[in-house]
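The values are calculated or read from the model by the stated rules, or taken from the named source; none is laboratory data. Owing to the predicted nature of the structure, the values given are computational and were not obtained by experimental measurement. Please note: Cβ atoms are built from the backbone with ideal geometry, for glycine as well, and neighbour counts cover all protein chains shown.
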Amino acid sequence: MAQKASRIAGSSGAFVAAVVVVLLWAMMGPYFDYSDTWQLVINTGTTILTFLMIFLVQNTQNRDAKAMQLKLDELIRAGKSSRNQLLDLEDLSDTEMERLHEQFQKMREKASRFQGGG
């Protein structure tokens, strides 16, 4: 359900619908004498939609991150010289991740010195 909702919410049709709603609301201003109720309608509507969109965006980001992780895991697994302990990198502690980061930084520096000195 969240996947379908995110596709709909991210479509150009949804954007056009939102613009139409805002324009209709704005045009109704003089009819309602720009009353507090008139303002409350748009404020309440946007608050509810924003609240729901936060969860929709988070769901989409979680799915994208998981898909990316699975693709990277497959690439690591397929490489003959790859370090398979990197497959579950997202489960490491911050300290372990920092240690790996430092290792890769040293490898980059060594490769840079090798290329620059050759």
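Quick look at the numbers
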| read-out | value |
| --- | --- |
| Among the residues listed as Asp94, Asp36, Asp73, the single one being charged (D, E, K, R) and not assigned by TED's automatic domain parsing to the domain that holds Val21 | Asp94 |
| Subset of the range 78-95 [surrounded by 10 or more Cβ atoms within 10 Å (Cβ to Cβ), more than 25 Å from the chain's Cα centre (by Cα) and modelled with pLDDT of 80 or more] | Gly79 |
| Single condition Arg63 does not satisfy, out of (1) on the phi > 0 side of the Ramachandran plot; (2) in contact (Cβ under 8 Å) with a residue 40 or more places away in the chain | (1) |
